[in-house]
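The structure under discussion appears below in the form of structure tokens.
No lab work stands behind these numbers, since they all come straight from the coordinates. Computed from a predicted structure; not experimentally measured. All Cβ positions, glycine included, derive from the backbone under ideal geometry; neighbour counts span all protein chains shown.
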Amino acid sequence: MDIPALIKELNRTDEHQHIEAKRGTEAGKAVMKTVSAFSNEPDLGGGYILFGLKRDETTLFPSYDIVGVDDPDQLSADLSTQCRDMLNRPVRPQIETQIVEGGPIVGVEVPEAGASDKPVYLKGEGLPGGAYRRISSTDQSCTDDDLFALFQERQNESYDQSIVSDASLRDIDPEALQQYREARAEMKPEAEELNWSDDELVHAINAARRQEGMLRPTVAGILLFGSKKALFPAVRVDYIRVPGREWIGHADERYTSTVEMRGPIIEVIRRAQAAVMDDLPRGFSLGDDDMHRQEPTALPRRALREAIVNAVMHRDYRVHQPTQIIRYSNRVEVVNAGYSLKAEDDLGEVGSLQRNPIIATALHETGIAETKGSGIRVMRREMEEADLAPPTFESDRNANKFTARLLMHHFLGADDRAWLKHFESLSAEQMKALVFVREVGAIDNPTFRQLSGADTLDASTALRDLREKDLLEKRGGGKATYYLPTETLLDPWEEMQGTKESTYDDPKTGLSQEGSSPDKAGSSLDKKKSSPDKAKISLDKEVPAEIRTELEDLGQRTNPQQFRRVLKQLCDWQSLRAGEIAELTGRDVKYLVQQYLSPMIEDDELEYTIPEMPNHPKQAYRTPDD
């Protein structure tokens, strides 16, 4: 174990999926959570825990000071004992003490457990809460979906294989079964099941199972072949057209249009793809050898299909909310319930962790879905061959959702090249990142890695370089770091487009920020404070009387539950940014976000207006639709 090399990597990238730093010199429950996470995370190969390091919070970049461990022998002995006794099965980590810059550092290498030994969990907490997974740089308590992923080699039944107790074979649509037969015949004309009766077919593919001597449809059977009256109410795909580049929110629904699609999965996938493709802008080309005009669409058909298929195939059907296809002016985003069972860094790798194996098998055997685990690779290849920005993906465990984003932007067009000439010494990966942040409004380390194919170390170095060039501004910190475009980056583009604006908005505060450096940002806030009542007065004129009364009654020591109720009333009235809420309630923005807004998001009392990117510069808060 090369502890100095691990510390060097830590200082370049901060904590990440493979390394955890601990200041404490004692083993305990928090350490056991990390041991559980490293042991359980599929295909991670384990990870390292380093004791005797303290993060310097005063520096702009990740920096860990060596403080050493007081009694490394005692720590090593305690840790070995706890790994044996506190977990449901013993874990045998490799533990070493090395002297680095005069201080003893204890390094612990935790191996990944074998498939038959997972999940590894804290005996005192039990399942599912006592089992953990390593997601990015955090230890996340397992959910039922996580346990399914860990148990899948031994588990006999998935959710989509469970029987729908109040359904019968009369709820299976013969037309939907015929569509399946036709698609299967195209893939494999000699398939034996094509000669079977409908009852035999649905039984063979687990669309129906025997219960008390009768065949009853499974969840997969209803989703794949159910008649419309038998389908679950929220199992649908919504195609939403939004003008501009940002989610407007439910206060402005008149500016959006929505097409709802219900029916058997195979039919809905085809309808959804057709609806989006027919709506996308088309180009025009006529090659030298072409007899007919060509009208290429703004997105490759196959990439769009894979995004839709993946959303339908991998969504969490226990969550009663529709899959959304959101069409902005510059991109298409496909959002489904159910975070990725694979780590974001492993997306596109061979192999697939399937939430709905029966549905996935049916889609694979009919050629609707690609070979298992290759859908994201296909999307990346198709976008690259069309000279478009690479697709990006966000898996949000807290909100239990997954977003695939396809930018309708050619890389690198003449306008992009002209714009990028304003900036010196950029790598190809940095150019992609700058176009992305210009189009979407924010970027983080995982997104940079998806765009460029870089590893965590290289991505961190490239983003740091863009900061030093005054092209990106860092916000957040540690595990929640993200980057905004600066005026140095945006001004040349806005001048080229004739749309120059002097401000952009901070995603956490919602306050307008001028400039890109900390000094400029500070002067902008000072200007804001010079006339603090302007925005508040504008809002107060519209605030309903009953809410205004509640606001006037707020004191600085208001009961937290009362304050939450007032925040819900405000955000139910209209979508508001954190800065606006702070002005109305007389609270500090940072305090408001940390103590109330973020916890209320986690408790489903509030939701983001731009849920697909929580750190979006235009982010605001609203109450969820019932």
Looking at the square roots a ≥ b ≥ c of the eigenvalues of the Cα gyration tensor of segment 3-151, which shape do they give, rounded for a/c under 1.5, prolate if a/b is larger than b/c, or oblate?
prolate
Principal axis dimensions, largest first and in whole angstrom, of segment 372-450 by Cα
40, 28, 19
3J(HN,Hα) from dihedral phi, segment 565-576, Karplus parametrisation 6.51/-1.76/1.60, rounded to Hz, x for glycine, proline
4, 5, 4, 5, 5, 4, 6, 7, 5, 6, 5, 9
Cross-link list LYS401/LYS568; LYS33/LYS469; LYS8/LYS474; LYS469/LYS618: which exceed 30 angstrom alpha carbon to alpha carbon?
LYS33/LYS469
Over 15 Å apart: what share of the alpha carbon pairs of segment 120-188 falls there, rounded to a whole percent?
71 percent
Largest-first semi-axes in Å of the equivalent ellipsoid built from the Cα gyration tensor of segment 37-113 are 25, 17, 10
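How big is the Kirkwood radius of segment 159-225, worked out from every pair of different alpha carbons and given in Å to one decimal?
Hydrodynamic radius (Kirkwood, Cα only) of segment 159-225 equals 12.0 Å.
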Determine the sum of side-chain charges near VAL110: Lys and Arg each +1, Asp and Glu each -1, restricted to other residues whose C-beta is under 11 angstrom from that of VAL110.
-2
Using amide H atoms built in the peptide plane, which far-off residues or other-chain residues are under 5 Å from THR218 H to H?
VAL164, ALA208, ARG209
Apply the Karplus parameterisation 6.51 cos²θ - 1.76 cosθ + 1.60, with θ equal to phi minus 60°, to every residue of segment 361-368 and state each ³J(HN,Hα) to the nearest whole Hz, in sequence, with x for glycine and proline.
4, 4, 6, 5, 6, 9, x, 6
What Kirkwood Rh does segment 65-191 have if only Cα atoms enter the pairwise 1/r average? Answer in Å.
19.5 Å
